[in-house]
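Enquirer: Take a look at this one; I'll ask things after.
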Amino acid sequence: MRLLEIYKKLYLIRRSEELIVKHYKENEMKTPMHMSMGEEAIVVGVVAALAKKNQVFGTYRSHGLYLAKTGDADKFFAELYGKVTGSARGKVGSMHLSDSSKDMMFTSAVVGTTIPVAVGAALANKFLKNQKVVAAFFGDGAINEGVFWESLNFACLKKLPILFVCEDNNLAIHSPVGERVGFKSLGAVVSQFYCHFEASDTTDVFEIYKKTSEMLKKMKQTGRPGFFHLKYYRYLEHVGTDEDFHFGYRSRREFLKWKRVDPLLIARKYLLSARVKESDIIALENNVDRILTQSLNKAQEASYPTEAELFTDVYGS
């Protein structure tokens, strides 16, 4: 059932990150962590609506996107542990996850850098007439980068098959939007471009799936790019596995408001209202938990790369 498949990805991402939180302090995962808790509905909903051959590019907050697109917990955990069985053979860690065989193109630690590359991929797809759509995910902090506006302008001018997805948690690290932009509304500005624009603050993965499916139809009919401005709330600190409300730049009250519409809570209620048996949901969750425990154990037991790996899959003279 499609509904359960979508919920499975939500649960996979959340439980994977809960395992990271549990084990990160053991200091065996040799990589900074930018956690996805709170944003799962966006990546899962959008990716579920995309055809498998469609390409995605993302940010350093990459766990959710990687797992939504690939579903591969083995390579995911191995990469976090720096092991040779990881998605990049242990060489890149959490912020540069990729699997081109599954059209999970790449993510980057530098803000905004994947946006022009995603536009380039969309341009190539248009030339090749291969019907592929590119989805470029980025945070609201990236709209302060000049390359964002240049890329949006070019994509609209050339009518490229690309869906821009702004995942807006109102923060660029610790700076709220009101301290960063010199305009009132991102939507008011982006709507002036030749693209289809939609904004939402829903945490309902099935609603985002529906909106994405409708957006893709509009894009195909008109040849214009699409643009989503989607709100969410980041549960944990900017980088790391702890809460950060004691820093004073945001309040626990706001967190509790968003927690009442947690993506997994909303999705589970929807499944039950759609007459999915709770026993089937629990069985799915238990199976995912078993898979993740196995993936974590395999990652811990796997070998580190040898020195020879320094010279594989890199450019050299």
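Enquirer: Taking the stretch 46-67 on its own, how many of its residues are in a loop (DSSP other than H, G, I, E, B) and within 11 Å of Leu163 (Cβ to Cβ)?
Expert: 2
Enquirer: If you check every pair at least six apart or on different chains, which have Cβ atoms under 7 Å apart with a residue in the stretch 188-210 that is touching a residue at least 12 places away in the same chain (Cβ under 8 Å) and crowded, with 19+ Cβ neighbours inside 10 Å first and a residue that is among the hydroxyl-bearing types (Ser, Thr, Tyr) and assigned to a loop (DSSP other than H, G, I, E, B) second?
Expert: Taking only residues 6 or more apart or on different chains, the pairs are Phe197/Ser191; Thr203/Tyr232; Ile208/Thr202.
Enquirer: Okay, next question. Which condition from (1) surrounded by fewer than 24 Cβ atoms within 10 Å (Cβ to Cβ); (2) under 13 Å from the mean Cα position of the chain (by Cα); (3) in a helix (DSSP H, G or I) is the one that Phe106 breaks?
Expert: Only one criterion is unmet by Phe106, namely (3).
Enquirer: For Ser101, all conditions in the list (1) closer than 27 Å to Cys156 by Cβ; (2) without any contact (Cβ under 8 Å) to a residue 40 or more places away in the chain hold save one; what is the number of the exception?
Expert: (1)
Enquirer: Sticking with this one: Would you point out the residue of the stretch 279-317, among those that are outside any helix (DSSP H, G or I) and more than 15 Å from Glu79 (Cα to Cα), that is farthest from the chain's Cα centre (by Cα)?
Expert: Restricting to residues being outside any helix (DSSP H, G or I) and more than 15 Å from Glu79 (Cα to Cα), the top hit is Ser317.
Enquirer: I've got another one for you. What tally of residues in the stretch 36-66 results from selecting those that are hydrophobic (A, V, I, L, M, F, W, C), crowded, with 24+ Cβ neighbours inside 10 Å and under 27 Å from Lys129 (Cα atoms)?
Expert: Residues flagged as hydrophobic (A, V, I, L, M, F, W, C), crowded, with 24+ Cβ neighbours inside 10 Å and under 27 Å from Lys129 (Cα atoms) within the stretch 36-66 amount to 7.
Enquirer: It is to be established whether one or more residues within the stretch 114-123 are farther than 14 Å from Ser151 by Cβ and not hydroxyl-bearing (Ser, Thr, Tyr).
Expert: no
Enquirer: I'd like to know if the stretch 159-177 contains one or more residues that are under 19 Å from the mean Cα position of the chain (by Cα), part of a helix (DSSP H, G or I), within 21 Å of Thr59 (Cα to Cα) and at pLDDT 95 or above.
Expert: no
Enquirer: I've got another one for you. Among the residues of the stretch 237-256, is there at least one that is in a helix (DSSP H, G or I) and under 22 Å from Val44 (Cα atoms)?
Expert: Checked against the condition, which is being in a helix (DSSP H, G or I) and under 22 Å from Val44 (Cα atoms), the stretch 237-256 yields at least one hit.
Enquirer: Tell me, which residue of the stretch 31-45 that is in a loop (DSSP other than H, G, I, E, B), touching a residue at least 40 places away in the same chain (Cβ under 8 Å) and not hydrophobic (A, V, I, L, M, F, W, C) is farthest from Glu254 (Cα to Cα)?
Expert: Top of the filtered list is Thr31.
Enquirer: State yes or no: is Glu150 in a strand (DSSP E or B) and either touching a residue at least 12 places away in the same chain (Cβ under 8 Å) or small (Gly, Ala, Ser) (or both)?
Expert: No.
Enquirer: What number of residues in the stretch 246-270 are at pLDDT 95 or above, touching a helix residue (DSSP H, G or I) at 6+ places or on another chain (Cβ under 6 Å) and not hydroxyl-bearing (Ser, Thr, Tyr)?
Expert: 3
Enquirer: If I go through the stretch 5-30 residue by residue, how many of them are surrounded by 15 or more Cβ atoms within 10 Å (Cβ to Cβ) and either assigned to a loop (DSSP other than H, G, I, E, B) or touching a helix residue (DSSP H, G or I) at 6+ places or on another chain (Cβ under 8 Å) (or both)?
Expert: Summing the residues that are surrounded by 15 or more Cβ atoms within 10 Å (Cβ to Cβ) and either assigned to a loop (DSSP other than H, G, I, E, B) or touching a helix residue (DSSP H, G or I) at 6+ places or on another chain (Cβ under 8 Å) (or both) in the stretch 5-30 gives 16.
Enquirer: Is there any pair with a first residue in the stretch 84-97 that is in a loop (DSSP other than H, G, I, E, B) and a second that is of a type in the set (S, T, N, Q) whose Cβ atoms are under 6 Å apart and which are 6 or more apart or on different chains, and what are they?
Expert: Val84/Ser303; Gly93/Thr31; Leu97/Ser62; Leu97/Ser87; Leu97/Thr107
Enquirer: If Gly223 satisfies all but one of (1) within 20 Å of the chain's Cα centre (by Cα); (2) closer than 30 Å to Phe193 by Cβ, what's the number of the condition it fails?
Expert: (1)
Table: residues versus (1) within 23 Å of Arg14 (Cβ to Cβ); (2) of a type in the set (D, E, K, R); (3) touching a Leu at 6+ places or on another chain (Cβ under 6 Å); (4) buried (at least 23 other Cβ atoms within 10 Å of the Cβ).
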position	(1), (2), (3), (4)
Gly86	yes, no, no, yes
Ser100	no, no, no, no
Gly120	no, no, no, no
Ala124	no, no, no, no
Lys129	no, yes, no, no
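The values are calculated or read from the model by the stated rules, or taken from the named source; none is laboratory data. For clarity, every value in this text was computed on a predicted model and none was experimentally measured. Neighbour counts run over all protein chains shown; Cβ positions are idealised from the backbone, glycine included.
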